[in-house]
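A quick write-up on the structure given underneath.
The values are calculated or read from the model by the stated rules, or taken from the named source; none is laboratory data. Because the structure is a prediction, the values reported are computed rather than measured. With ideal geometry, Cβ positions are generated from the backbone for all residues, glycine too; neighbour counts draw on all protein chains shown. Please note that ligands, DNA and RNA were not included when accessible areas were found on the heavy atoms of the full protein model with its side chains. Shrake-Rupley method; radii C 1.70, N 1.55, O 1.52, S 1.80 Å.
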Amino acid sequence: MRIGYGWDSHEFKPGVPLKIGGVTLPHSDGLGGHSDGDVLLHALTDALLGAVGAPDIGTLFSPSDPQWKGADSSIFLHEALKRVRAAGYEIANVDSTLILAAPKIGPHASAIREHVAGLLGISPDCVGLKAKSPEGMGTDNAAIANAVVLLKRSKA
Ligand SMILES: [Zn+2]
């Protein structure tokens, strides 16, 4: 088995859609960054890449490369998944924690879990998602995501 860990943060920015786990959430601000700023998919991508000893997301998809400007972050996740499969592994489960002041994630949690499960090709009950408010951290202007993945040897 292999374990992987990923962490990411993006700053809130007005006038862009808020995408978390590939789901667009209704909110006044979105997340800045070179791609679509999907903090959860970035953390999951790094967790998958880390689990198989692959280069990290910033190395594979350089923020200075214009082709990733506004890119759908599921592209990054798919590349990570491809590398996991090529290394002979499949996902057992993933777990994640979001830390953000707003919006409330609770009402959207099942939609996000289902979408992420679909992207990863696993069952929604293999996708953990918690959301915490950044009490005492002074990071109300940012969204932070932590993710861990467990890989098992694929049967094929
Ligand atoms: Zn990111």
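A convex hull fitted around the alpha carbon atoms of region 9-156 yields 103 Å³ per residue.
Put a dot 7 Å past the Cα of R85, heading toward its Cβ, do the same for T97, and the two dots end up 3.2 nm apart.
For region 1-50, the spread of Cα positions along the three principal axes, ordered from largest to smallest, is 42, 17, 12 Å. Taking every DSSP beta bridge that has both ends in the chain, the antiparallel portion is near 85%.
Taking the charge dipole of the chain about its Cα centre, with +1 at Lys and Arg Cβ atoms and -1 at Asp and Glu Cβ atoms, the residue from L81, G21, H34 reaching farthest to the positive side is L81. Distance between the pseudo-spin-label points of A71 and I122 (7 Å out from Cα toward the beta carbon): 2.3 nm. Averaged over its residues, the chain has an accessible area of 48 Å² per residue, based on protein heavy atoms and a 1.4 Å probe. The stretch between K155 and S28 holds 41.2 nm of extra length on full extension. This uses 0.36 nm per residue minus the Cα-Cα distance.
Normalise the Debye intensity by I(0) for region 1-96, one equal point scatterer per Cα, no solvent, then take log10 at q = 0.22, 0.23 Å⁻¹ and round to two decimals. For the requested q values the scattering log ratios are -1.09, -1.16. Based on DSSP H segments of at least four residues, each scored -39500 (n - 2.57), the chain has a per-residue ellipticity at 222 nm of -8000 deg cm²/dmol. Can you tell me the FRET efficiency between K132 and E11 if r is taken as the Cβ-Cβ distance and R0 is 25 Å, rounded to the nearest 0.05? The formula returns an efficiency of 0.90 here. Counting lysine pairs in the chain that sit 8 or more residues apart in sequence, or on different chains, and whose Cα atoms lie under 30 Å apart gives 21. If you sort Y5, Y89 by accessible surface, 1.4 Å probe, largest first, the order is Y5, Y89. Working from label points 7 Å from Cα in the Cα-to-Cβ sense, the S110 to T59 distance is 4.1 nm. For the chain, the fraction of 1.4 Å probe accessible surface lying on carbon and sulfur atoms is 54 percent. Taking Cα centre as origin and charging only the Cβ of basic (Lys, Arg, +1) and acidic (Asp, Glu, -1) residues, the dipole magnitude of the chain rounds to 540 debye. Rolled with a 1.4 Å probe across the full set of protein chains, the surface gives D125 an accessible area near 120 Å². D by Stokes-Einstein for region 54-141, Kirkwood Rh over Cα pairs, 37 °C, 0.692 mPa s: 217 µm²/s.
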